[in-house]
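Each remark here refers to the structure printed beneath this line.
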Amino acid sequence: MTIEGLLFILICICIYFLPLIIAACRNIAGGPGFGVFMVNLFLGWTVIGWFTALIMACTAKSGREISREEELAEALIELSKSNRRIE
């Protein structure tokens, strides 16, 4: 096999797993990240499955967004416990 053939196969594999790469770069962990992996692995060969995995990877909340929401929720709980009013 030539270098061009190997390069073509490598590019095809990268395109196939593009939704998974996007999910990893966005730091999507847990359920959504695993879901992207499973849909991409088993249904990515269909056009609909690949686009589904891509949409899941692009729209799922990242780890940073989830931790920020948890911080805000904890702050609101502490605020309500101290009986302060938000004005």
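Values as computed for the structure displayed
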quantity	calculated
Count of segment 44-55 residues which are at pLDDT below 90 and surrounded by 14 or more Cβ atoms within 10 Å (Cβ to Cβ)	1
Flag if MET1 is exposed (fewer than 10 other Cβ atoms within 10 Å of the Cβ), out of contact with any His (no Cβ under 7 Å at 6 or more places or on another chain) and not basic (Lys, Arg)	yes
Selection status of ALA24, surrounded by 14 or more Cβ atoms within 10 Å (Cβ to Cβ) and without any contact (Cβ under 8 Å) to a residue 24 or more places away in the chain	yes
Filter result for LEU7 (surrounded by 12 or more Cβ atoms within 10 Å (Cβ to Cβ) and either assigned to a helix (DSSP H, G or I) or not hydroxyl-bearing (Ser, Thr, Tyr) (or both))	no
Top-ranked residue in segment 56-72 [being in a helix (DSSP H, G or I) and of a type in the set (Lys, Arg); ranked as modelled with the lowest pLDDT]	ARG64
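The values are calculated or read from the model by the stated rules, or taken from the named source; none is laboratory data. These figures come from a predicted structure and were not determined experimentally. No Cβ is skipped: glycine too gets one built from the backbone with ideal geometry, and neighbour counts run over all protein chains shown.
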